[in-house]
Amino acid sequence: MDIRQWVRPNILRLVPYASARSEFKGTAQIYLDANENPFPTGYNRYPDPLQRVLKERIAALKGVDPAQIFLGNGSDEAIDLIVRIFCEPRQDAILVLPPTYGMYQVAADIADVAVVTVPLEPEVFQPRVADILAAATPQTKVLFLCSPNNPTGNNFSPAALEELIHSFPGIVVVDEAYIDFSSQPSCLRWLNTCPNLIVLQTFSKAWGLAGLRLGMAFAPAATIDFFNKVKPPYNLNQLTQETALRILAEEAPALPGRVANLLAERERLEKALVGSPLVEQLYPSSANFLLARVTAPQAIYQYLVEQGIIVRSRANVQLIEGSLRITVGLPAENDALLAALQNFTA
Ligand SMILES: *Cc1c(COP(=O)(O)O)cnc(C)c1O
C-alpha cells in the first residue's frame, strides 16, 4: 500500500521551502547564512526546523523511530496539515463520527473540503463500522477517529479500531489526546504494520502543557515526509522545544502519579454526580472529563457561571442533547462544583 495514492497531486509535486537551517545541517563556528542578528539574546538564532533533539527524546519515550514523528503547534496543526496534504478542495472529503472533536470539521471547512458524517451508535458511542465502510468513496480520503472520544469520554473498541484501520480505503487518523487517562493500549502498536495510520497525541492534557502548544503526530516515515514538506519551516519555536526537553527530563517520572490523582478525582466526581438529582445520566469516561445529561442544562449551566464555575455546555449536540461536559479539576475545585450543584434550585 503506497500512501502517495491519497496525496494531493500538487503536494506530490511540491518543492518545499529550503530554509537556511535545512540546507546546512551540521554545526559550524560562524553562521552567516540566515540573516539572523549576531547579538546574543538567547533567541537570536532560528530553531531546528525538524526538532531533532526533542524527537529523539519523544521517540525513546513512545518506542517509535524519530522519522515517524511530526511535532506541531498543538495537535490542531497536525489536523490542519492532514486535511491539506490529502484532500483536494471542492472535490475530496473527510469522514467524521459525531459527536466528536470540532476541529476536524473546522479544518475541513477552512480548506473547503466536504465533511461526511456517520454518527456514533447512540448511548454506547461506538463507531458503526459497516456504515462507515459503506460511506467510504474514492473522495473520502481521511477518516478521523477520536479514542477516547471528546466529548463522550469513551474508548472505541479495539476490534472496531483495528477493523477500520485495516479496511478503510484511505488515511485513518486516531486522535489519542486522552490516551494517558485510558486503560486501553495506544494504536501506536500498529504503526509499523499499517501504512495508512496516523496517531495524534498531545502535551496539552495529561502533561498539563496546553499553553506550550505541542502536539505529536505519529505515522510511517513516508507520511511524515509529507508533513515536513508542507509545514511552516520553523513551526515549533525554540522556547517550546527547550521547555519540552526540560519537562521531559524533569517531570516524566511524576506523570503516572499525576494521572492517577486525576483518575481518583474523576472517580470521586463520578460517584457524587451519579447520586445527584440533577443528573439523569452519567456516561462512563476514559478521559479527564465527564459527560452528564442533566435535568435543566441551560439553567444549570447559567447558574454555575453565576457561581464562577464554567463547564462546557453540550446541550444542543446530537446524540448527547441536554448534557454538560465537566473537566476534572483540583480536589477543591471539584468540591466547589459539587457544593454548587447541591445548592441549585430550579
Ligand atoms: C484537547 C484535544 C486535542 C489537543 O489539541 P492541542 O492542539 O494539542 O492542544 C486534540 N484532540 C482532541 C480530541 C482534544 O480534545
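The values are calculated or read from the model by the stated rules, or taken from the named source; none is laboratory data. Only a predicted model underlies this, so the values are computations on that prediction, with no experimental measurement involved. Positions of Cβ are generated from backbone atoms using ideal geometry, with glycine treated the same way; all protein chains shown enter the neighbour counts.
Name the residue, out of Gln307, Gln238, Gln201, that is polar (S, T, N, Q), in contact (Cβ under 8 Å) with a residue 24 or more places away in the chain, away from the ligand (no atom under 13 Å from the Cβ) and under 27 Å from Arg52 (Cβ atoms).
Of the residues listed, the single one that is polar (S, T, N, Q), in contact (Cβ under 8 Å) with a residue 24 or more places away in the chain, away from the ligand (no atom under 13 Å from the Cβ) and under 27 Å from Arg52 (Cβ atoms) is Gln238.
If you go through the range 232-249, how many residues are more than 17 Å from Gly211 (Cβ to Cβ) and assigned to a helix (DSSP H, G or I)?
1
Would you check if there is a residue in the range 101-111 being out of contact with any Gly (no Cβ under 6 Å at 6 or more places or on another chain), away from the ligand (no atom under 16 Å from the Cβ) and at pLDDT 95 or above?
Yes, because at least one residue in the range 101-111 is out of contact with any Gly (no Cβ under 6 Å at 6 or more places or on another chain), away from the ligand (no atom under 16 Å from the Cβ) and at pLDDT 95 or above.
Give the residues of the range 83-94 that are touching a strand residue (DSSP E or B) at 6+ places or on another chain (Cβ under 6 Å) and within 16 Å of the ligand (Cβ to nearest atom), sorted by residue number.
Ile94
Please specify each residue of the range 61-106 satisfying the condition of being in contact (Cβ under 8 Å) with a residue 60 or more places away in the chain and at positive phi.
Matches in the range 61-106: Gly63, Gly74.
Rundown of residues vs (1) outside any loop (DSSP other than H, G, I, E, B); (2) surrounded by 15 or more Cβ atoms within 10 Å (Cβ to Cβ), yes/no style:
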site	(1), (2)
Ile85	yes, yes
Gln105	yes, yes
Thr137	no, no
Pro151	no, yes
Phe156	no, yes
Leu164	yes, yes
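Please indicate, with yes or no, whether at least one residue in the range 156-169 is in contact with a helix residue (DSSP H, G or I) (Cβ under 6 Å, 6 or more places away or on another chain) and either touching a residue at least 40 places away in the same chain (Cβ under 8 Å) or within 13 Å of the ligand (Cβ to nearest atom) (or both).
Taking every residue of the range 156-169 in turn, none turns out to be in contact with a helix residue (DSSP H, G or I) (Cβ under 6 Å, 6 or more places away or on another chain) and either touching a residue at least 40 places away in the same chain (Cβ under 8 Å) or within 13 Å of the ligand (Cβ to nearest atom) (or both).
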